[in-house]
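Here is the structure we will look at, set down as structure tokens.
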Amino acid sequence: MRVLLLFLDGIGLGADDPSLNPFAAARLPTLESLSGGYKWLNSAPRIESERATFIPTDACLGVAGRPQSATGQATILTGRNVPAEIGAHYGPYPDERIRAILAADNLYSRLTERGLSCSRLDAHPPHYLAELESGKRLRTALQHAAYVAGVRLPSLEALQACRALSADFLGDGWREVLKLPDVPVHTPQEAGALLAELARPHAFSLFSTWVTDEIGHHRDLARGVAFLERFDTVLASLLAAWDDSEGVIVITSDHGNLEDVSHRKHTQNAVPTVIIGAQRGEITPHIRALTDLAPALLRLFG
Ligand SMILES: [Zn+2]
């Protein structure tokens with residue numbers, strides 16, 4: 001069994017309004033093929049499509065307020081209702097209580113303890129990794145879960161050697177924003193094929209992008225549309241390279257944000273979870289909230 005988790009920070013199911021929701025405005029044929037032709041909106045039902053199950057997923061978990069990244073991500077990787085345990089949605093970075101929950105048990109540690117290979121597929125710039133190492137910058141909940149299990153974050157060298165991808169999928173941001181010229185820039189077709197290839201040697205791989213949440217906080221509709229259309233093309237290529245009998249691809253998020261650029265905050269909308277793969281029927285009936293993902297994925301590993 002092999003699982004590739006594609007984590008898009010801050011995407012929810014919002015209104016059918018192309019003036020404020022990039023999911024309503026963008027052309028997304030691959031995403032919509034996975035949801036039976038429905039746009040990824042609050043009107044989309046739980047649906048079985050040819051290759052996938054599309055599940056509107058509760059991210060509020062019975063706790064008042066707007067869901068946040070640290071509690072949402074910790075819930076995804078532990079299966080515990082972390083906001084209920086600490087009494088609030090909390091983020092963006094985990095505090096001591098959330099770090100303790102992640103250190104006690106998480107999907108990465110469960111799998112590595114059993115000798116199964118785990119990886120992160122998104123590279124991080126040198127200054128960022130140095131700041132994590134020195135304690136100047138806090139790890140996100142997803143990063144902390146990997147850290148306590150001994151799974152390393154890929155570096156610039158990994159990106160240069162095509163052993164990891166950039167959070168923008170193609171690598172152009174490393175050249176244009178970070179001014180690192182010696183970074184490969186992929187076409188969406190190459191990036192999708194590379195994701196499939198990089199996931200193949202591992203039982204569990206996680207690719208995470210923060211770009212979706214950042215675009216939501218900046219209320220940038222046009223950039224949101226462009227980034228989703230980029231993701232759609234990458235996903236088409238990943239799906240072309242992925243054999244549904246070899247494992248499962250999961251797409252999910254920690255909370256809504258990008259789907260409503262009328263304000264800068266997170267939303268209380270359900271988030272989209274998509275499970276692709278021949279064995280998905282073993283787990284999809286058990287998934288309705290973010291707490292259900294880690295137990296479902298562990299069930300796949302027996
Ligand atoms: Zn955010």
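Please label the shape of the range 219-280 as rounded, prolate or oblate, based on the square roots a ≥ b ≥ c of the eigenvalues of the alpha-carbon gyration tensor (a/c under 1.5 means rounded; beyond that, a/b larger than b/c means prolate, else oblate). Write out the running numbers ahead of the final one.
Working: a/c = 5.24, a/b = 1.75, b/c = 2.99.
Oblate, because a/c is 1.5 or more while a/b does not exceed b/c.
Which translational diffusion coefficient, to the nearest whole µm²/s, is obtained for the range 65-125 from the Stokes-Einstein equation, given a Kirkwood hydrodynamic radius over C-alpha pairs, 4 °C and 1.567 mPa s?
For these conditions, the coefficient is 104 µm²/s.
So, by mean Cβ neighbours within 10 angstrom, what's the order for 39-48, 244-253 with the highest one leading? All intermediate terms of the calculation are to be shown ahead of the outcome.
Details: 39-48: 17.0, 244-253: 21.2.
Peptide ranking by packing, descending: 244-253, 39-48.
Would you please state the base-10 log of I(q)/I(0) at q = 0.10 1/Å for the chain, with intensities from the Debye formula using one equal scatterer on every alpha carbon?
Results for the chain at q = 0.10 Å⁻¹ read -0.49.
Kindly provide the helix-only [θ] at 222 nm of the chain, computed as the sum of -39,500 (n - 2.57) over DSSP H runs of four or more divided by all residues, to the nearest 500 deg cm²/dmol? If you can, show how the numbers build up before the last one.
On the way: 14 runs with 116 residues, N = 302.
Per the formula, -10500 deg cm²/dmol.
Along the Cα→Cβ direction, 7 angstrom out, place labels at Glu176 and Ala278. What is the inter-label distance in nm?
Between Glu176 and Ala278, the simple spin-label model gives 4.1 nm.
With N set to the number of residues, divide the alpha-carbon radius of gyration of the range 165-302 by 2.2 N^0.38 Å and report two decimals. Walk me through the numbers before you get to the answer.
Numbers: Rg = 16.3 Å, N = 138, 2.2 N^0.38 = 14.3 Å.
That ratio works out to 1.14.
List the relative contact order of the chain as a percent without decimals, with contacts defined as Cα pairs under 8 Å and 6+ residues apart.
Values: 683 pairs, mean separation 102.3, N = 302.
Averaging sequence separation for qualifying contacts and normalising by length gives 34 percent for the chain.
Kindly state, to the nearest 0.05, the FRET efficiency for Glu133 paired with Gln160, given R0 = 25 Å and r defined as their beta-carbon distance.
0.80
When Rg is the radius of gyration of the Cα atoms in the range 1-69 and Rh is its Kirkwood radius, what does Rg/Rh come to?
Working: Rg = 13.4 Å, Rh = 13.6 Å.
My calculation of the ratio gives 0.98.
Any idea what log10 I(q)/I(0) is at q = 0.14, 0.26, 0.28 Å⁻¹ for the range 246-302, Debye with uniform C-alpha scatterers and no solvent?
-0.45, -1.04, -1.15
Since every read-out is calculated from the coordinates, none of them should be taken as a lab result. A quick note: this is a predicted structure, and the numbers were derived from the prediction, not measured. Virtual Cβ from ideal backbone geometry, glycine too; neighbours counted across all protein chains shown.
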